[in-house]
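Some notes on the structure that comes next.
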Amino acid sequence: MLIKKPVLTFALGLMLGAALPAGAAEHGGLLQSAHNDVGNVASLQRGARNFVNYCMGCHSAKYVRYNRLEQDLGLSEDQVMKNLMFTGERPHDTMTVSMRPGDAAHWFGRTPPDLSLIARARGTDWLYTFLKSFYLDPSRPTGVNNTMLPGASMPHVLWELQGYQKAVYKGESDAEHNAVHKEFEGFELVQKGSLTPHEYDQFVRDTVNFLDYIGEPMQLKRQSLGLKVLAFLAVFFLLAYFLKKEYWKDVK
């Protein structure tokens with residue numbers, strides 16, 4: 001697995017800000033499917049790289065230990081320490097940031113949230129769509145806004161990869177009420193990034209896949225165990241049923 005050098009940007013992270021109901025989109029932005037697969041180890045490796053390079057400047061994942069990544073992502077301890085451990089000192093340290101919460105709140109207006117459980121709280125489709133929905137908005141302090149979370153305090157930290165886009169609306173004037181009704185249509189790229197749209201989609205998908213994984217690292221084992229339990233119960237039911245038939249065959 002090739003890991004990019006750390007701190008490619010001053011990672012202001014995924015400051016998701018005020019909560020909306022999971023899956024909500026205020027300005028008509030329809031959710032796009034992330035099609036993530038936590039069983040895809042290569043995708044999780046890329047997602048871990050993306051997370052530590054672009055998110056961990058501000059965001060922690062305090063419920064995840066580095067040595068857990070070593071076990072689940074097929075990495076050696078040396079790979080984890082050289083490529084992923086930019087804030088920890090020992091393999092059993094958790095993925096926390098060195099930024100003090102008070103400083104973060106002072107600089108950004110609020111403390112960037114921990115992302116350990118963000119995929120479970122928001123949903124992977126919401127996160128995937130959110131990271132693709134930044135658009136230019138000169139009225140905002142950061143110069144961008146987001147159709148999934150209007151007024152979000154986070155800047156577009158992935159702009160070098162995606163580029164900048166503008167939101168396209170269709171609308172009609174209502175002269176009687178002196179208003180214009182606008183409906184969101186989509187985005188138009190106005191400045192290209194270093195990645196093609198397809199490459200950026202894959203970058204976001206890998207990142208969301210990693211966030212889904214850290215939300216419940218045991219989910220694949222849990223699902224596998226659940227299937228085994230269901231299979232056992234099915235076999236036990238058949239044995240119990242035929243045993244009951246045998247015991248009661250002479251009872252009328």
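The values are calculated or read from the model by the stated rules, or taken from the named source; none is laboratory data. In this text, all values refer to a predicted model and were calculated from it rather than measured experimentally. Glycine gets a Cβ as well: all are built from the backbone with ideal geometry, and neighbour counts include every protein chain shown. Surface accessibility is based on the protein's heavy atoms, side chains included, excluding ligands, DNA and RNA. Shrake-Rupley method; radii C 1.70, N 1.55, O 1.52, S 1.80 Å.
Quick notes on this one:
- With a threshold of 22 Å on the Cα-Cα distance, the over-threshold entries among 132/192; 166/192; 82/221 are 82/221.
- Virtual spin-label span in nm between residue 139 and residue 168, 7 Å along Cα→Cβ: 2.2 nm
- Rounded FRET efficiency, nearest 0.05, which uses the C-beta distance separating residue 237 from residue 192 and R0 of 45 Å: 0.15
- If the segment from residue 96 to residue 245 were pulled out straight at 0.36 nm per residue, it would be longer than the present Cα-Cα gap by 47.6 nm.
- Note on the stretch 23-161: dipole from Cβ charges, positive end direction compared against 33, 129, 101; the farthest Cα belongs to 101.
- Ordering of 217-226, 76-85, 153-162 by packing is 153-162, 76-85, 217-226, highest average first (other Cβ atoms within 10 Å, averaged per residue).
- The stretch 176-231 - percent of accessible surface contributed by carbon and sulfur, probe 1.4 Å: 56 percent
- About the Cα centre, charge dipole magnitude for the stretch 106-252 (Lys/Arg +1, Asp/Glu -1 at Cβ), debye: 1000 debye
- Charging the Cβ of each Asp and Glu at -1 and of each Lys and Arg at +1, and nothing else, the dipole of the stretch 42-113 about its Cα centre rounds to 220 debye.
- In the stretch 111-242, the C-alpha radius of gyration followed by the widest Cα-Cα span (Dmax) gives 22.3, 77 angstrom.
- Around residue 116: net Lys/Arg minus Asp/Glu count, Cβ-Cβ under 12 Å: +1
- Highest-first arrangement of 93-106, 45-58, 231-244, where packing means the average Cβ count within 10 Å: 45-58, 93-106, 231-244
- For the stretch 65-124, the share of accessible area belonging to carbon and sulfur comes to 46 percent (1.4 Å probe, ligands and nucleic acids excluded).
- Whole-angstrom gap from the stretch 214-252 to the stretch 81-155, using each part's C-alpha centre: 43 Å
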